[in-house]
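Taking it in order: structure first as structure tokens, then the write-up.
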Amino acid sequence: MDYLRKIPFLVLSFLKMQENFVIHPEYSQIATKLMDVLHNFSKKGEYVTKGERNVIKMVKIEGNSLNIKKFKTPNAFQSLVYQYLRESKAKRSFEYASKLIDFGIKTPFPVAYFEIFSGGLKESFYVSEHVNYDFDFRELIHNPRFKKRNEILRQFTKFTFKLHENGINFLDHSPGNTLIMDNGNDNYDFYLIDLNRMRFENMSFEKRMHNFRRLWLSKTMIKVMAAEYAQLYGKSYEETHRLMLKHSRAFQKKINSKKLRRRRR
């Protein structure tokens, strides 16, 4: 019966709170202050977004403007998966951002991530530098007369081509996940955000065209971007346009069908 006496201790050990905090060496000097902010997240900083799933706040520490993303607390099953089988979204965001920078792809600089475990993952945070961008890709969709729209689309296509050439399959390549900075003289920088869903793999032409599907492109946008990508890749415009249009329309039809079903309930 001795094993029965050990059960309470096993439960306590399982439920014991553990913290995992990783900070980039360039920001090690603010580690203590950043930890204080993370431990008091509800009371610190200003809201950037306050969604049902994730919350983003901006804080300033020793002159550094930082964005802190708090991910939604996973359910009981998922929390165990994130503790024992899969890396958390916060950790993946930090590691993927570091990889992107190594490839010369712009993304807000990864500062730190923080995880709290207690019988599974309870809370997780990703910290990055705040970027003062000018607009995001959504503006190009909603405003067909956006200044220099076609030029921005061509440069964005080159940016996406660079992702693909480096074997980066950004699974959330959607309108809100690319921030755009106008540097003047028809020169634009593109920053990827929301990085936790990404694969590093060989990108076939089919996968490349499939990767454009979530951008919600209009026919006019597809014409501009297909022409640019075809030239960069060495494919015909016709084939590039056909595949990009095919995947874009299939995705839009799928989303619109889901919305229609929800309205009918």
For this session: Please state which of the following conditions GLY167 fails to meet, knowing it meets all the rest: (1) of a type outside the set (Val, Ile, Thr); (2) at positive phi; (3) out of contact with any strand residue (DSSP E or B) (no Cβ under 8 Å at 6 or more places or on another chain).
Result: (3)
For this session: Mind listing just one residue for me: the one in segment 61-114 that is within 21 Å of SER42 (Cβ to Cβ) and charged (D, E, K, R) and, of those, modelled with the lowest pLDDT?
Result: LYS72
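One line per residue, one yes/no per condition, for (1) small (Gly, Ala, Ser); (2) at pLDDT 95 or above; (3) closer than 19 Å to ILE141 by Cα:
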residue: HIS173; (1), (2), (3): no, yes, yes
residue: THR178; (1), (2), (3): no, yes, yes
residue: ASN187; (1), (2), (3): no, yes, no
residue: MET221; (1), (2), (3): no, yes, yes
residue: TYR229; (1), (2), (3): no, yes, yes
residue: LYS246; (1), (2), (3): no, yes, yes
residue: LYS259; (1), (2), (3): no, no, no
residue: ARG262; (1), (2), (3): no, no, no
For this session: Please find, among LEU192, LEU243, LEU217, the residue that is closer than 19 Å to SER174 by Cα and over 22 Å from the mean Cα position of the chain (by Cα).
Result: LEU243
Seminar exercise, completed: Note: among ASN183, ASN211, just one is exposed (fewer than 15 other Cβ atoms within 10 Å of the Cβ), modelled with pLDDT of 95 or more, of a type in the set (S, T, N, Q) and in contact with a strand residue (DSSP E or B) (Cβ under 7 Å, 6 or more places away or on another chain), namely ASN183
Exercise. (1) modelled with pLDDT under 95; (2) among the hydroxyl-bearing types (Ser, Thr, Tyr); (3) farther than 13 Å from GLU115 by Cα: which one isn't true of TYR27, the others all being true?
Worked result: (1)
For this session: Name the strands (runs of 3 or more DSSP E) wholly inside segment 18-127 in which the number of residues that are under 24 Å from ASP172 (Cβ atoms) and without any contact (Cβ under 8 Å) to a residue 40 or more places away in the chain is 3 or more.
Result: 46-50, 55-61
Exercise. In this structure, is ILE105 of a type outside the set (Gly, Ala, Ser), under 30 Å from ASN166 (Cβ atoms), surrounded by 15 or more Cβ atoms within 10 Å (Cβ to Cβ) and in contact with a strand residue (DSSP E or B) (Cβ under 7 Å, 6 or more places away or on another chain)?
Worked result: yes
Exercise. What are the pairs, 6+ residues apart or on separate chains, where a residue within segment 155-175 that is in contact (Cβ under 8 Å) with a residue 60 or more places away in the chain has its Cβ under 7 Å from a residue that is part of a helix (DSSP H, G or I) and aliphatic (A, V, I, L, M)?
Worked result: THR157/MET225; LYS158/LEU232; PHE161/LEU232
Problem set entry | Matching residues, segment 133-147, being assigned to a loop (DSSP other than H, G, I, E, B) and touching a residue at least 24 places away in the same chain (Cβ under 8 Å) | TYR133, ASP134, PHE137, PRO144
For this session: Identify, by number, the condition in (1) under 18 Å from TRP216 (Cα atoms); (2) in a helix (DSSP H, G or I) that LEU163 doesn't meet.
Result: (1)
For this session: Test ASN169 against the criterion of being surrounded by 15 or more Cβ atoms within 10 Å (Cβ to Cβ) and over 25 Å from TYR27 (Cβ atoms), and give yes or no.
Result: yes
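The values are calculated or read from the model by the stated rules, or taken from the named source; none is laboratory data. These figures come from a predicted structure and were not determined experimentally. Note that each Cβ is placed from the backbone with ideal geometry, even for glycine, and that neighbours are counted across all protein chains shown.
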